[in-house]
1. Within the stretch 13-91, report the GluC sites (Glu not before Pro) that DSSP leaves as loop and that have at most 14 other Cβ atoms within 10 Å.
2. Consider all pairwise Cα distances in the chain and report the whole-number % of them above 22 Å.
3. Would you mind ranking 64, 79 by Cβ crowding within 10 Å, fewest neighbours first?
4. Which of the trypsin sites (Lys or Arg not before Pro) found in the stretch 12-91 are loop residues per DSSP with 16 or fewer other Cβ atoms within 10 Å of their Cβ?
5. Please state the relative contact order of the stretch 5-78 as a whole percent: Cα pairs under 8 Å, 6+ residues apart?
6. Take the chain, connect every pair of alpha-carbon atoms lying under 10 Å apart with a spring to form a Gaussian network, then pick out the residue of 46, 71, 20 with the largest mean-square fluctuation.
Amino acid sequence: MSLYNYETPTPNPWPDAVRIKNNAQVAWRVLGWQTESDEDTVWTGIEERTGRLVCRMVGDDFDYLVDPDDIETLDREEYCGECGQIGCGVV
Ligand SMILES: [Zn+2]
């Protein structure tokens, strides 16, 4: 469950963890494009993309909305799979 509604394209364009600019200490996963209902959703059941990405902190369940220009892909060696920290000793 997420605080936000989102849709994940197929194939998933974000298979790897990412770094968020101005938040360089922690790795994140992109869950998908945030969607929100608008005045038509009650009729169509379709929500519109807001242009922001829903990201979840690795090792946590904290979700955060991010501008797609603010994410950078991380190599697997660059972050810790347990606590999600970038540069932590554990891999
Ligand atoms: Zn760690």
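Read the figures in this text as sums done on the coordinates, not as results from a lab. Treat the numbers as computed from the prediction; the structure is a model and nothing was measured. Counting neighbours? That spans all protein chains shown, and the Cβs are built from the backbone with ideal geometry, glycine included.
1. 39, 82
2. The answer is 30 percent, as a whole percent.
3. On the way: 64 16, 79 26.
Final ranking by Cβ density, sparse to dense: 64, 79.
4. The qualifying sites are 21.
5. This gives 34 percent for the stretch 5-78.
6. Of the options given, 46 has the highest mean-square fluctuation.
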